[in-house]
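To start, the structure under review is shown below, and the notes come after it.
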Amino acid sequence: MPAFVFSISLLFIATMAWAQSPYPSRPVKVIVPLAAAGTGDTLARAVSEEMSKLLGQPFVVENRPGSGGLVGTEAVASAAPDGYTLLAASPSHVINPALHPKASYDALGGFEPITQIANTYQVLLAHPSVPFSTLRELIAYDKANPGKLNYGSAGTGSATHLNMELFQSLAGTHITHVPYKGSTQARTDVVAGQVQLAMDGLLPVLPLIKDGKLKALALAATRRSKIAPDIPTMAEAGVPGYSSDTWYGLLAPAKTPQAIVATLNAAAVKALRSRELNDRLVKLGAEPVGNSAAEFRKLLESEQQLWAKVVKESGVKPE
């Protein structure tokens, strides 16, 4: 056999072997379109660590915050659909289409769902000085004293903002929104009494609730939390029909091969059902899920419809 023919044959065999090598054969990047140390970042790192152990390659988490999640999400949407760039998504993923209709990607059609990682909880908080201690009392007070109450959120268009606007649309209240550049600032001001109310993540405010520095009125969730079972849901506390959970999940770029999606789903589900990771997430105030890609897709579709309606009815505009 001539040398050049032999060389071409070797190159062909090597190429075929590379193409057929099992996935993953190199590190996987998981982009979190949120700031480091937040709930979404913490959950992404926890599940990535376990998936790395199961699949034998590093799952490297990279934070790319900016524009309410648009920056990091656009990076994943434009990445090669080969399973080596994933998105750690949160409700902002399906809120943004209503706020930014000219975004460069399709929140549903531009991605392949892998699995929902977990549900977490947001809670409506009040400063101890307010003259009400329950959700029903808050609603009655606002209607008797229009314009006197305000609330803080993590920013315009954030999940904390829109969960509160969903509450207002159902309860008929008119509480003034005070947007901050993150939950930490809003939390600080409600503790100081600069704003009377705030919507915030449950886990970071639990010590403040237990110390009496904040009142917990209701969870923006469909079920009670295992770590704070005494706090009622919105529906239980006086707003029938309130249905919203704060979720986190994994997505891949559209057209990622289904075999790769299936591999990622199997690893994530196995990780989330392990006692070690399950216990770890529960301690963080999260409820592990680990469902099928099809089930996660249905959630994304219903959530996008819900938040599009809330954005339209509330008149929220991006900052």
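The values are calculated or read from the model by the stated rules, or taken from the named source; none is laboratory data. These numbers come from a predicted model, not from an experiment. Because the Cβ atoms are built from the backbone with ideal geometry, glycine has one as well, and the counts that use them run over all protein chains shown. Only protein heavy atoms, including side chains, enter the accessible area calculation; ligands, DNA and RNA are left aside. Shrake-Rupley method; radii C 1.70, N 1.55, O 1.52, S 1.80 Å.
A compact table of results
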{"read-out": "Lys, Arg +1 and Asp, Glu -1 on Cβ, resulting dipole of the chain about Cα centre, debye, nearest 20", "value": "220"}
{"read-out": "Charge context of PRO33, other residues only, Cβ under 11 angstrom, K/R +1, D/E -1", "value": "-2"}
{"read-out": "Mean Cα-pair separation over length for the chain, i.e. relative contact order, pairs under 8 Å, 6 or more apart, %", "value": "25"}
{"read-out": "Of SER244, HIS93, ALA118, farthest towards positive along the dipole that unit charges on Lys, Arg, Asp, Glu beta carbons give the chain", "value": "ALA118"}
{"read-out": "Estimated distance in nm for a label pair at ASP82 and ALA103, the labels positioned 7 Å out from Cα along Cα-to-Cβ", "value": "2.6"}
{"read-out": "Accessible solvent surface per residue of the chain, calculated while the other protein chains remain in place, 1.4 angstrom probe, Å²", "value": "46"}
{"read-out": "Charge dipole (debye, nearest 20) of the range 76-166; +1 at Cβ of Lys and Arg, -1 at Cβ of Asp and Glu", "value": "380"}
{"read-out": "Counted charge near TYR121, where neighbours are those whose Cβ lies closer than 14 Å (Asp, Glu -1; Lys, Arg +1)", "value": "-1"}
{"read-out": "Ordering of 52-61, 148-157 by burial proxy (mean other Cβ atoms within 10 Å per residue, highest first)", "value": "148-157, 52-61"}
{"read-out": "The chain - share of DSSP beta bridges that are antiparallel (%, nearest 5)", "value": "60"}
{"read-out": "Nearest-0.05 FRET efficiency for THR222 and ASN145, computed from C-beta distance (R0 25 Å)", "value": "0.25"}
{"read-out": "Theoretical gain in end-to-end length, SER129 to ASP211 [0.36 nm per residue, Cα-Cα removed]", "value": "28.1 nm"}
{"read-out": "Accessible area of the chain belonging to carbon and sulfur atoms, whole % at 1.4 Å probe", "value": "56"}
{"read-out": "The range 140-244: C-alpha gyration tensor shape, a/c 1.5 cut-off, then a/b vs b/c", "value": "rounded"}
